[in-house]
1. For residues in the stretch 295-322 being among the β-branched types (Val, Ile, Thr) and farther than 11 Å from residue 270 by Cα, which is surrounded by the fewest Cβ atoms within 10 Å (Cβ to Cβ)?
2. Just give me the residues in the stretch 41-86 being more than 14 Å from ligand 2 (Cβ to nearest atom) and of a type in the set (A, V, I, L, M, F, W, C), in sequence order.
3. Name the one entry in 423, 457, 453 that is open to solvent by less than 90 Å² (accessible area, probe 1.4 Å), within 30 Å of residue 281 (Cα to Cα) and at pLDDT 95 or above.
4. If you take the residues of the stretch 203-223 that are more than 16 Å from ligand 2 (Cβ to nearest atom) and open to solvent by 10 Å² or more (accessible area, probe 1.4 Å), which of them is farthest from residue 448 (Cα to Cα)?
5. So which residues in the stretch 347-365 are at positive phi and either of a type in the set (D, E, K, R) or surrounded by fewer than 22 Cβ atoms within 10 Å (Cβ to Cβ) (or both)?
6. If residue 279 meets every condition in (1) modelled with pLDDT of 95 or more; (2) farther than 17 Å from residue 262 by Cα apart from one, which number is that one?
7. Out of the stretch 368-388, which residues are at pLDDT 95 or above and open to solvent by less than 40 Å² (accessible area, probe 1.4 Å)?
8. Here is a list: 149, 105, 156. Which entry is open to solvent by 10 Å² or more (accessible area, probe 1.4 Å) and either basic (Lys, Arg) or more than 16 Å from ligand 2 (Cβ to nearest atom) (or both)?
Amino acid sequence: MDTKRDMKQKNPWHRQLTVVIAFLFVWGIIALVTTAVVQNKPLPKNSKYGIVLDAGSSHTSLYIYEWPAEKQNDTGVVQQLHVCHVKGPGISSYAMDPEGAGRSLQDCMDEAKRIIPERRHEETPVSLGATGGMRLLKLQNPEGSEKVLSSVEKTLSSSPFEFQGARIITGQDEGAYGWITVNYLMGNFKQGSGWLNLWPKPETTETLGALDLGGASTQITFVPEGEIESLESSLYFQLYGNKYNVYTHSFLCYGKDQALKITLAKQLQGHVPDSLVDPCFNPGFIKNMSVHSIYSSPCTAGESYTTNTQGRFLLKGTGNAQQCRENVKQIFNLTHCPSSSCSFNGVYQPQLQGNFGAFSAYYFVMAFLNLTTSERPVTLVEVKEKLREFCSTPWQTLKENFTNVKEKYLGEYCFSGTYILTLLETGYKFSPENWNTIRFIKKIGDSDAGWTLGYMLNLTNMIPSEAPCSPPLPHAGYISLMVIFSLLLMGLLVTGWLCFGKTTCTSQKEVV
Ligand SMILES: Nc1nc2c(ncn2[C@@H]2O[C@H](COP(=O)(O)OP(=O)(O)OP(=O)(O)O)[C@@H](O)[C@H]2O)c(=O)[nH]1
Ligand SMILES: [Ca+2]
């Protein structure tokens, strides 16, 4: 008792010091936690926007993309915010009324003005890319195509956005940008920096091939295993520090609308009868067709023909999938191949490699036929069986069962499905063994699969060739670690101090 009283007398401020240190300790913890919370409070959303118009052969769509302003060079940050489908046909249908092309875009442009915050209008890039339909119009009527482009240019440049051009993109670009879009959205362009990427990256990173089926043209794009023999089909990209040798080919006239015209022209063989019996349409299907609608396209311009007096004929369906395939096969020339391997029409194609995403009309048609949604991949045999069953369904039954489907689409699904099967199997050489490498897709996340996103990323330099330098840890992680380490350190200090204090006391006791 005397000893304790002695100690207290020797250290009169000992108790007060303990209280002060404990107070400082608690205060320190509160300060650290508050800093972490305040620092990590979500910042107000600071987005940037971009607009791309996809002027396809059958219709035009306006896409609005959005991304966080401070992160534009990261992979996978650009998202589709909105899509507006322009009313009416594609711009290539306005050759006789060029002003109508520009006018047709106005409603969607107004919609974009409402959706994108006004303070961002001036800095939001807007561009239009025209594809197969305008390529065909340019071949047939160069002056008309120029007028149509000028008209859409006038509409877009009179908007408050930053106009970046309206042009016809090449088939090669269309394929390449489609491939960039799907791989960007899938997150396949892995970034190289970060503390978990300390070991060397593999030579090639696995990417997804892209299959795009439009109305006028179709594209196939993928990274093959070996060398690409043809320079014109070969693209080289360096993205986020990874190198890619990409094969791409665009077949003009092999979009599904033009392919139907060629198939019909092949059957007519230049002599237009009053009626044509066609296995690619359902039994009972009848359509009054104009001869001009088939032969006016540059895709059938080579075929000479004599027409009946009315210039029209009746297309009568018989719904035979097997015969339909035979007819469709005739539009693929497989007789010559100047390279080591070919798809069709003497076009070089390396061996298929990896997985493929098939979008646009591939998806519309296969989704309608229920050939996309199964838990397990649908086999080629099942696709053929489904087509056999669907094509043979009477037209009247189809109309009764699918009252909400546009008649134009419904009437063509037998042909379209058969065309897709033939293009993939006979054209591109997919087989029962690698059929399961194809996934029919519409969207990846919330963004549509298509060439527009890749086009915008390229136009706005948003895909760097090298991975951007980024701190090894995200900010939130950094703050959390700081807090944890500080707490540990303080804990250690306090424990040490307590022990040290006790030892001192004990030794003091012993001395006393
Ligand atoms: N069944 C179905 N077909 C569609 C739909 N939308 C478009 N199509 C058709 O599918 C085909 C391809 O459409 P898109 O991919 O938009 O083709 P596009 O971009 O106009 O044509 P390209 O310039 O050749 O790329 C065309 O024949 C369209 O008429 C749809 O919602 N359902
Ligand atoms: Ca298209």
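1. Filtering the stretch 295-322 for residues among the β-branched types (Val, Ile, Thr) gives 300, 306-307, 309, 318.
This time we only want the ones that are farther than 11 Å from residue 270 by Cα, so: 309, 318.
On the way: 309: 6, 318: 17.
The extreme case among them is 309.
2. Step one: list which residues in the stretch 41-86 are more than 14 Å from ligand 2 (Cβ to nearest atom), which gives 41-51, 64-82, 84.
43, 51, 64, 67, 69, 77, 78, 81, 84, listed by residue number.
3. On the way: 457 fails: within 30 Å of residue 281 (Cα to Cα); 453 fails: within 30 Å of residue 281 (Cα to Cα).
Within the list 423, 457, 453, the selection yields 423.
4. Restricting attention to the stretch 203-223, the residues satisfying the condition of being more than 16 Å from ligand 2 (Cβ to nearest atom) are 203-209, 222-223.
Now narrow it down to the ones that are open to solvent by 10 Å² or more (accessible area, probe 1.4 Å): 203-208, 223.
On the way: 203: 29, 204: 26, 205: 23, 206: 21, 207: 18, 208: 15, 223: 22 Å.
Here the residue is 203.
5. Applying the first criterion (at positive phi) to the stretch 347-365 yields 354, 360.
The answer is 354, and nothing else.
6. If we test residue 279 against (1) modelled with pLDDT of 95 or more; (2) farther than 17 Å from residue 262 by Cα, just (2) comes out false.
7. 369, 371, 380, 383, 387
8. Numbers: 105 fails: open to solvent by 10 Å² or more (accessible area, probe 1.4 Å); 156 fails: open to solvent by 10 Å² or more (accessible area, probe 1.4 Å).
It is 149.
The values are calculated or read from the model by the stated rules, or taken from the named source; none is laboratory data. As the structure is a prediction and not an experimental result, all values here were calculated from the model. We place every Cβ from the backbone using ideal geometry, glycine too, and count neighbours over all the protein chains shown. We work out accessible area using only protein heavy atoms, side chains counted, and drop any ligands, DNA or RNA first. Shrake-Rupley method; radii C 1.70, N 1.55, O 1.52, S 1.80 Å.
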